[in-house]
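Since the structure comes first, as structure tokens, the remarks are kept for the end.
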Amino acid sequence: MCGVLWSALCYGIGRHVLCSCQQRSWHARAALCGVALLHSMFAHPNLVAHASPTFAVSLPPTLPAARTIDPPSDRDRRFGETLSASGLFLATTAPTDGDNALEAGNARVYQLHPRGDLVEVPQEIGVFRARSAGDHFGAAVALAHHATEAEPRLRLAIGVDRANFDQPRPPSSLRNMCEFAGAVEVHFAPLPLENSARSASGWFHEATLVSPEPQSAAEFGAAVALSDDWSSRFPQDLEDASAFDSAVPTTNPTLASGPFRSERSTYRATSVASPALVVGSPRYDINMPQDSAANLQPEPQFDAGCVDLFEYAPTVTALGDPSWQHRVTLLAPNPMMSAWFGRAVAIGHLWIAVGAPGERDDRGTSTTADDIAGAGAVHLYLRTHAEGKAHANYVATLRAPSPSQSAWFGWSLALDDASLVVGCPRASRHGNAVGCVYRFDLNDFTVGPERIDAPEPQEGAAFGLSLDMYGDALLVGAPGMDVSHAMQSMRASPSGFPAIVEDVGACWLFHDGQCARLIPSTQRQSILFGNSCALLPVRNEEGDTGARVFAACGHQYVEEESIAPSPGVGIFAPPRSSPP
């Protein structure tokens, strides 16, 4: 009864504040957020009382950036919207918003030079620009070492998901005549890179890839992932390349498919030296009518999505670009409307993981009454080689143990050997959409995933919207995190409630049994810090084992509410482990 009265009181106060202003001014928004915060603390005490036991007594320490990579100019409003790292190389993009297209997007590659706990000014080693504005150049980015080739290279793949398809095409083919079909630009730089400054002239354009069946607004290039040599963790350890051959057993036949449907199956990767690239088209429509017999076609599935696998094969002399060859197009085992299959992709030496965050959970029944819309799923494929070509065979579908509506399981992915982490940014906890991350052991499908919750759960924080993993280090972004400030540091408010700065964002670094909250250099509204993140491992000093990981965290920055340039990309040096 007291909870009901308290809810009614908070509702009355909020309604009074809202009605007192014809528009929702800054003061009204702050007051309403304060009311909501108090209401959540008292009417929903589980958010506080049932926080993760590890952090229930004291909250993790905050960690400011050791260095910030500033945007090149004030016009780079979304500098840092997507990030990718390989070794100590970091790629970041500024795709603009793609709507007003005042400036064409660009991508840049930096090399980090850490010195103990310090980070020198990152060295810019490559700049790549869009040909025209409005194509969302840099919607996705992937960076990888390919050191096992005859000529070791550092490769960069840039997603351009709103590019027009303007390649030569048969006059009678209407399917290829489309706008905003998307593309992927691939560049490379020979290794090793010199320590001196290297301009974009040191890079070479390798290919412009398009979908084998271009489709208008399919967003080909919305997600990209490059296979990375095992040795790229530490490029000097080239002898570890033999680790590519590994066996992964499973004893659960219900999760297997096709040739792997046996009581005891062994998945073995073949030695695959050729680099591979996977590209997601999350808004690809399938089962579209193609002829007069359209009434005999299956029901169209709009925004079902697809994923294309490309392989680097320089000896092929087929028509078109001879370096990157399309191998296979992947569809979900059970394609669904608005599933966004391909919204996230990840590739390892053995596995390919594809996120479909909009896929509904049909609970294994033939009726739709119990379906959970937007629960999400992740589909696993085994990388194989046959007849000298790369293939991907479907193996399993992963879902959240406790699915909830619009949880978006599979929105983000990170794959490291046989460990897979899946972001579920709207996962429910005590009835609140706070988000979480699941970690799967792909060596044993019979073991349920580990759920990782935010140390400071907050409604709408989107914990898990971005993530990266290296060994036991995990970096998770929560760009919707609100920050409260004491009133003495803000303008006076007649309401007396704490000031809430909305959508500042945060990142959480879990490593060596510790947890730290990474905070942006500025805490302005709507910078969405943590929209992207990446880990950069550094070998410990001689005599130490393992590695330390530096973290890079970017922003999205909502331009519609912008009052200043993008805050840039933060580089964080994690605290060293405490002695036992």
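The values are calculated or read from the model by the stated rules, or taken from the named source; none is laboratory data. Remember, it's a predicted structure, so these values are computed and weren't measured experimentally. Positions of Cβ are generated from backbone atoms using ideal geometry, with glycine treated the same way; all protein chains shown enter the neighbour counts. Quick note on the areas: whole protein, heavy atoms, side chains included, nothing else; ligands and nucleic acids left out. Shrake-Rupley method; radii C 1.70, N 1.55, O 1.52, S 1.80 Å.
Below, the figures for the structure above:
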read-out: Loop-located GluC sites (Glu not before Pro) in segment 377-474, at most 13 other Cβ atoms within 10 Å (DSSP); value: Glu387
read-out: Spacing of the two label points (7 Å from each Cα toward its C-beta) at Arg129 and Asp371, in nm; value: 4.7
read-out: Size-normalised alpha-carbon gyration radius of segment 362-447, reference 2.2 N^0.38 Å; value: 1.26
read-out: Long-range amide H partners of Ala344 with built H, under 5 Å; value: Gly355
read-out: Probe 1.4 Å, all protein chains present, accessible-area order of Thr93, Thr82, Thr68, Thr446, largest first; value: Thr446, Thr68, Thr82, Thr93
read-out: Stretch gain in nm, segment Glu299-Glu151, where the contour uses 0.36 nm per residue and the Cα spacing is subtracted; value: 48.5 nm
read-out: Spin-label model distance (nm) - Ala66 vs Ser406, 7 Å beyond Cα toward Cβ; value: 4.0
read-out: In nm, spacing of pseudo-spin labels at Asn443 and Asp472 (7 Å Cα→C-beta vector); value: 1.4
read-out: Other-chain or far-sequence residues with amide H under 5 Å of Ala225's (modelled H); value: Val278
read-out: Residues whose placed amide H lies under 5 Å from that of Thr82, excluding near-sequence neighbours; value: Thr93
read-out: Portion, in percent, of the accessible area of segment 67-128 that falls on carbon or sulfur, probe 1.4 Å; value: 44
read-out: Length added when fully stretched, Leu191-Asp512, from 0.36 nm per residue minus Cα-Cα; value: 112.4 nm
